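Note sheet for the following structure.
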Amino acid sequence: MTSLKDLPLRQNLVGKTPYGAPQDPVAVSLNVNENTHPIPEAVITEIVAELTRAVRGVNRYPDRDFVELREALAGYLGHGLTASQLWAANGSNEVLQQILQAFGGPGRSLLSFTPTYSMYPLLADGTDTQWVPVERPADYALTPDFVSETLRLHAPSIAILCGPNNPTGTPLDLDTITAAYDAFDGILVVDEAYHEFDAERESAVTLLQGRPRLLVSRTMSKAFAFAGVRLGYLAADPAVVDALKLVRLPYHLSALTQAAAMAAIRHASEMLATVADIRVQRDRLARALSELGYLVHPSGANFLLVGGFANPTATFEALLAEGILIRDLGIPGHLRITAGTENETTMLITALTALTSAER
Ligand code: PMP
């Protein structure tokens, strides 16, 4: 039988493992930071109506530049943004890949602050871009001084600041972003996949004016409860959008994706109505786990990174045996847990409380 080893794979992909968060069918799935609430029935009806209209036109290619969707996204973000500053793709993963295709590549580098989103090094490998991981300080928080010193030293082609950061939950302050921008002359991407959960902070889109190398990446996969649709987007200078048009595949956003996303954005307030409760559940989970003696890292996202597990793999397996799936990212002593519905959170707290008292 042929195996990967027998194929003339590109050298920088040899020995690499693909992205592989488990997708086990369990009752309580809290492992990939989705919004676990269903989307409202009234919005489902609207989306279906919009999809029906779109299906009637699928004998033709979709609008290659998805202008209506970009206008809708600009309206959602506000701050005077226009369609010419917006771009979208099949998940923010694809947006990030297009950024690397346009601004990375052989002889160029991508820097980020680890632990961070596990796809960044894979996207670097896939585009022959050198991956430069720089470890975060012990509390995972990035400061203007730390970030600007690092970027001055390495002068990467691209840097990604993830805020709130996956998997640590650490919020990102605007003064860290502006310091980063001023410290090097490459492309600075702020990955705001979890922004809507961080009610305490303004978006980096407020910094776009006069900063043509600043790119702000967002997604409908998290707060919008739309992960299955695959819609990520970007706000940046119109020249950046011109650059991304050079590398995107023609008609990369299907007519169905465009239609579903437009209907959802039209109903943004209903789609985002669960965000407040998810924050309540996150904070409730944080309190419960702290009381159990675990170390809960501050989070601006819909998940928590939790330390203090004597054997994280054993805890992960014990929860899975009870139908609760969380995430073991290989950070010593730590596990990552998505904040779910009130019921899911209760089940998790109950199961962890029982496991913890059995251990002690
Ligand atoms: N950025 C971060 C920080 C993420 O955690 C994720 C999803 N886990 C993504 C980007 C990609 O999400 P999507 O492709 O669904 O938009």
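The values are calculated or read from the model by the stated rules, or taken from the named source; none is laboratory data. Source: prediction; values computed, not measured. So basically every Cβ, Gly included, is an ideal-geometry build from the backbone, and we count neighbours across all protein chains shown.
Residues checked against (1) within 20 Å of V32 (Cβ to Cβ); (2) in contact with a strand residue (DSSP E or B) (Cβ under 9 Å, 6 or more places away or on another chain); (3) polar (S, T, N, Q); (4) touching a residue at least 40 places away in the same chain (Cβ under 8 Å):
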position	(1), (2), (3), (4)
L272	yes, no, no, yes
R279	yes, no, no, yes
R284	no, no, no, yes
L289	yes, yes, no, yes
L292	no, no, no, yes
G300	yes, no, no, yes
A314	no, no, no, no
L319	yes, yes, no, no
E322	yes, yes, no, no
Point to revise | the stretch 113-167, residues that are touching an Asp or Glu at 6+ places or on another chain (Cβ under 9 Å) and polar (S, T, N, Q) | key: T114, T116, T143, S148, N165, N166
Practice item. Would you mind stating whether A286 is at pLDDT 95 or above, under 30 Å from T82 (Cβ atoms) and either in contact with a Pro (Cβ under 9 Å, 6 or more places away or on another chain) or of a type in the set (A, V, I, L, M) (or both)? Key: no
Practice item. Report yes if some residue within the stretch 37-44 is under 30 Å from G330 (Cα atoms) and within 13 Å of the ligand (Cβ to nearest atom); otherwise report no. Key: no
Point to revise | Residues located in the stretch 142-161, provided they are β-branched (V, I, T) and assigned to a helix (DSSP H, G or I) | key: V147, T150
Study note, to complete from the structure: When the stretch 22-33 is checked residue by residue, the ones that are within 14 Å of the ligand (Cβ to nearest atom) and over 16 Å from E317 (Cβ atoms) are Q23, V32, N33
Check your understanding: Do you know which of the residues in the stretch 245-297 that are assigned to a loop (DSSP other than H, G, I, E, B) and in contact with a Ser or Thr (Cβ under 7 Å, 6 or more places away or on another chain) is farthest from R53 (Cα to Cα)?
Key -> L292
Revision key, fill the gap. A careful count of residues in the stretch 205-223 that are of a type in the set (S, T, Y), under 14 Å from Q85 (Cβ atoms) and either within 16 Å of the ligand (Cβ to nearest atom) or in a strand (DSSP E or B) (or both) gives 1
Practice item. Go through the stretch 30-79 and give me each residue that's surrounded by 12 or more Cβ atoms within 10 Å (Cβ to Cβ), assigned to a loop (DSSP other than H, G, I, E, B) and hydroxyl-bearing (S, T, Y). Key: T36
Check your understanding: Identify, please: which residue in the stretch 147-170 is small (G, A, S) and buried (at least 24 other Cβ atoms within 10 Å of the Cβ) and is, among those, farthest from the chain's Cα centre (by Cα)?
Key -> A159
Study note, to complete from the structure: Looking across the stretch 224-244 at residues that are assigned to a loop (DSSP other than H, G, I, E, B) and of a type outside the set (A, V, I, L, M, F, W, C), the single one that is farthest from the ligand (Cβ to nearest atom) is D237
Exercise for review: Scan the stretch 298-319 residue by residue and report those that are farther than 21 Å from E342 by Cβ and either outside any helix (DSSP H, G or I) or charged (D, E, K, R) (or both).
Suggested key: P298, L305, G307, G308, F309, A310, N311, E317
Review point. Quick one: which of L111, L188 is of a type outside the set (D, E) and within 26 Å of Q11 (Cα to Cα)?
Key: L111
Exercise for review: List every residue pair whose Cβ atoms sit under 7 Å apart, with the two residues 6 or more apart in sequence or on different chains, where the first one lies in the stretch 70-95 and is among the acidic types (D, E) and the second, anywhere, is away from the ligand (no atom under 15 Å from the Cβ).
Suggested key: E71/A83
Check your understanding: Inside the stretch 241-257, can you point out the residues that are in contact with a helix residue (DSSP H, G or I) (Cβ under 8 Å, 6 or more places away or on another chain) and aliphatic (A, V, I, L, M)?
Key -> V241, A243, L244, L246, V247, L253, A255, L256
**Study point:** Any hit, the stretch 120-141, residues being in contact (Cβ under 8 Å) with a residue 12 or more places away in the chain, within 13 Å of the ligand (Cβ to nearest atom) and among the hydrophobic types (A, V, I, L, M, F, W, C)
**Key:** yes
